[in-house]
Ligand code: GDP
């Protein structure tokens, strides 16, 4: 993910501290120098680094650390608090909905920032939370932007208002507003009428971006803004663009006076530090984060959770929310019932495995568990093929065997292994894991039901 190397560097800085009992001012200064280098190397803007390390230093040399039982831990917690501030604690807030629908959300940002993708994700998320969104194709300049929005809308199951075709592929480049095929301001304005008529409660307007900031682009965005008076103007910024992020954010802040930020491509490997500076440079809240190309790779942004993720203190809350969202509750309830009746079989186990698979990238989820970043190497080796192999074994069992694993004797094991193209010891291993998992799930189903067991997890 975008902050992997920052996380590693910061953990490195803290590791030196942990081996010490008492901290001298020299220890503190050395740590702060390391933090400073880590942030600069991650592309965090210089001004932000300066004020951040200044704050940390002042607090670290102060009483709260010298009097702490565990000074090293105290410093980590100061860094955590200050990082949370940098990420926008204090200005953070949820999406602003209009008192009287439709809520109008306008997306702005450079070309390729991820606006169109975000429109789909936002639409999907809104629909999921009981809203009736409408996507509006007001990017008439980037070749195929309109078609792309239609595809994204279809995938998300959200309607798209696209009265103008925009520029089709084959055009060599982005054309200027003067040359575009239709009037995006008119499209945006008319979309509000459509929303009112057809009772869409949220309108998400995708607008044109450029590769670099330019006046024409800004004027067009401003014209759309003035025509529709959005409740939110979301500035979408690619976390991978590096140092340019700050200049771009400032330009859009002056140009359209956006109300909130969306960090996109946080799944990328580039140093994401510049994006971390955006909240602090503009004073605007980060509302969402985009973490992949899929519709569900999207989350509400919380400065405190992101800070603790960056510091490898884990982000249990997000983990649990994702798990709850992804697990099918009915299925979980049925599984729990079967467990209490003692009729939980391998077929149910397989259904659970499929739920686990639905969790999507296990690696990114496991990365949210505190301390896990240190085990990243092992995580990288985690193999989703393991689930495939398990499924193959279960698939080559008879329904009766799945339902009543107890009957699987030696000759059945050999037959199953043959059918799944694997060894008897792999079948034995699975049956053992199943036994353990059922035990674990039985325990869990007696306690909280919010997280059904995750069998098959190594
Ligand atoms: P727009 O020009 O601002 O509308 O940008 P697009 O939505 O077309 O996105 C540009 C490219 O970035 C596309 O290939 C997207 O699939 C990709 N993209 C968008 N968001 C993300 C993200 O969060 N992670 C990754 N890895 N790719 C993304």
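So the values come out like this:
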read-out: Condition check for residue 134: touching a strand residue (DSSP E or B) at 6+ places or on another chain (Cβ under 9 Å), more than 23 Å from residue 214 (Cβ to Cβ) and more than 16 Å from the ligand (Cβ to nearest atom); value: yes
read-out: Residue 83 being more than 8 Å from the ligand (Cβ to nearest atom), surrounded by fewer than 23 Cβ atoms within 10 Å (Cβ to Cβ) and either farther than 21 Å from residue 152 by Cα or outside the structural domain of residue 13 (by TED's automatic domain parsing) (or both); value: no
read-out: Close pairs from region 300-321: first outside the structural domain of residue 13 (by TED's automatic domain parsing) and assigned to a helix (DSSP H, G or I), partner surrounded by 22 or more Cβ atoms within 10 Å (Cβ to Cβ) and at pLDDT 90 or above, Cβ under 6 Å, at least 6 apart; value: 303/87; 303/88; 306/87; 307/83; 307/87
read-out: Unique residue being surrounded by fewer than 20 Cβ atoms within 10 Å (Cβ to Cβ) and within 15 Å of the ligand (Cβ to nearest atom) when the list is 251, 270; value: 270
read-out: Residue that is farthest from the ligand (Cβ to nearest atom) [pool: residues in region 254-267 that are surrounded by 20 or more Cβ atoms within 10 Å (Cβ to Cβ) and under 10 Å from the mean Cα position of the chain (by Cα)]; value: 263
read-out: Odd one out for residue 158 among (1) buried (at least 17 other Cβ atoms within 10 Å of the Cβ); (2) modelled with pLDDT of 95 or more; (3) within 12 Å of the ligand (Cβ to nearest atom); value: (3)
read-out: Residue list for region 188-202, restricted to those being touching a helix residue (DSSP H, G or I) at 6+ places or on another chain (Cβ under 9 Å) and either more than 16 Å from the ligand (Cβ to nearest atom) or under 18 Å from residue 151 (Cβ atoms) (or both); value: 189, 191, 192, 200, 201, 202
read-out: Hits in region 267-290 (condition: in a loop (DSSP other than H, G, I, E, B) and either at pLDDT 90 or above or on the phi > 0 side of the Ramachandran plot (or both)); value: 283, 284, 285
read-out: Hits in region 118-155 (condition: surrounded by fewer than 23 Cβ atoms within 10 Å (Cβ to Cβ), under 18 Å from residue 299 (Cα atoms) and touching a helix residue (DSSP H, G or I) at 6+ places or on another chain (Cβ under 6 Å)); value: 124, 152
read-out: Selection status of residue 127, in the same structural domain as residue 209 (by TED's automatic domain parsing) and more than 16 Å from the ligand (Cβ to nearest atom); value: yes
read-out: Where residue 98 falls short, out of the listed (1) within 15 Å of the ligand (Cβ to nearest atom); (2) surrounded by fewer than 23 Cβ atoms within 10 Å (Cβ to Cβ); value: (1)
read-out: Any hit, region 203-215, residues being out of contact with any helix residue (DSSP H, G or I) (no Cβ under 8 Å at 6 or more places or on another chain) and crowded, with 24+ Cβ neighbours inside 10 Å; value: no
read-out: Selection status of residue 35, within 19 Å of residue 312 (Cβ to Cβ), without any contact (Cβ under 8 Å) to a residue 40 or more places away in the chain, out of contact with any strand residue (DSSP E or B) (no Cβ under 8 Å at 6 or more places or on another chain) and not assigned by TED's automatic domain parsing to the domain that holds residue 250; value: no
read-out: Residue in region 242-252 that is in a loop (DSSP other than H, G, I, E, B), at pLDDT below 95 and assigned by TED's automatic domain parsing to the domain that holds residue 162 present; value: yes
read-out: Selection within region 273-288 - surrounded by fewer than 24 Cβ atoms within 10 Å (Cβ to Cβ) and within 16 Å of the ligand (Cβ to nearest atom); value: 287, 288
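The values are calculated or read from the model by the stated rules, or taken from the named source; none is laboratory data. Keep in mind that what you see is a predicted model, and the values were worked out from it rather than measured. Every residue, glycine as well, gets a Cβ built from its backbone with ideal geometry; the counts of neighbours run over all protein chains shown.
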